[in-house]
1. Given (1) touching a helix residue (DSSP H, G or I) at 6+ places or on another chain (Cβ under 7 Å); (2) closer than 21 Å to residue 9 by Cβ; (3) outside any loop (DSSP other than H, G, I, E, B), identify the lone condition not met by residue 65.
2. Quick one: is residue 80 assigned to a loop (DSSP other than H, G, I, E, B), modelled with pLDDT of 95 or more and surrounded by 15 or more Cβ atoms within 10 Å (Cβ to Cβ)?
3. Looking at residue 84, is it under 20 Å from residue 146 (Cα atoms) and out of contact with any strand residue (DSSP E or B) (no Cβ under 9 Å at 6 or more places or on another chain)?
4. Please tell me if residue 96 is modelled with pLDDT of 95 or more, within 11 Å of the chain's Cα centre (by Cα) and either in a helix (DSSP H, G or I) or surrounded by fewer than 17 Cβ atoms within 10 Å (Cβ to Cβ) (or both).
5. Quick one: how many residues across segment 108-121 are assigned to a helix (DSSP H, G or I) and touching a helix residue (DSSP H, G or I) at 6+ places or on another chain (Cβ under 8 Å)?
6. Can you pull out every residue in segment 114-150 that is surrounded by 15 or more Cβ atoms within 10 Å (Cβ to Cβ) and closer than 20 Å to residue 74 by Cα?
């Protein structure tokens, strides 16, 4: 199903979608790095409390709205005539990457709540490795959308 009148808005929709994705990705790169640093300071201390504020503000003020906008504008793009060739396979890979990014966002949001309660079930090393997940998913998504290998 497509909505014909969206075709006239395509350049604006695409630009706003890209802006939302960039803002979301900035947070996806930074929040796990904050968790790395947060993992190294004593729970309940001054530094820990500062990290809690930074993490909460990053997630609520930047990441959540940006992800919502990316989803909304992405759905709008899918509904725009001529944007997706449903017979091509690239969009499956793109959607898998996007859903993976959304799931990782949920994981980060849950972890932030744990840090808020001074719970630290994951190590600094875990967060260092997790910090690479958004990069890998971003590479998958960009290659699928730009190169369209299949």
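1. Residue 65 satisfies all of (1) touching a helix residue (DSSP H, G or I) at 6+ places or on another chain (Cβ under 7 Å); (2) closer than 21 Å to residue 9 by Cβ; (3) outside any loop (DSSP other than H, G, I, E, B) except (1).
2. It is true that residue 80 is assigned to a loop (DSSP other than H, G, I, E, B), modelled with pLDDT of 95 or more and surrounded by 15 or more Cβ atoms within 10 Å (Cβ to Cβ).
3. Yes, satisfied.
4. no
5. Qualifying residue count, segment 108-121: 6.
6. Matches in segment 114-150: 134, 137, 138, 140, 141, 143, 144.
Yes/no matrix, rows are residues, columns are (1) outside any loop (DSSP other than H, G, I, E, B); (2) touching a strand residue (DSSP E or B) at 6+ places or on another chain (Cβ under 8 Å); (3) surrounded by 13 or more Cβ atoms within 10 Å (Cβ to Cβ); (4) free of Cβ contacts under 8 Å to residues at least 40 places away in the same chain:
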| residue | (1), (2), (3), (4) |
| --- | --- |
| 18 | yes, no, no, yes |
| 21 | yes, no, yes, no |
| 29 | yes, no, yes, no |
| 34 | yes, no, yes, yes |
| 37 | yes, no, yes, yes |
| 44 | no, no, no, no |
| 52 | yes, no, yes, no |
| 70 | yes, no, yes, no |
| 76 | yes, no, yes, no |
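The values are calculated or read from the model by the stated rules, or taken from the named source; none is laboratory data. Just so it is clear, the model here is predicted, and its values are computed rather than measured. Please note: Cβ atoms are built from the backbone with ideal geometry, for glycine as well, and neighbour counts cover all protein chains shown.
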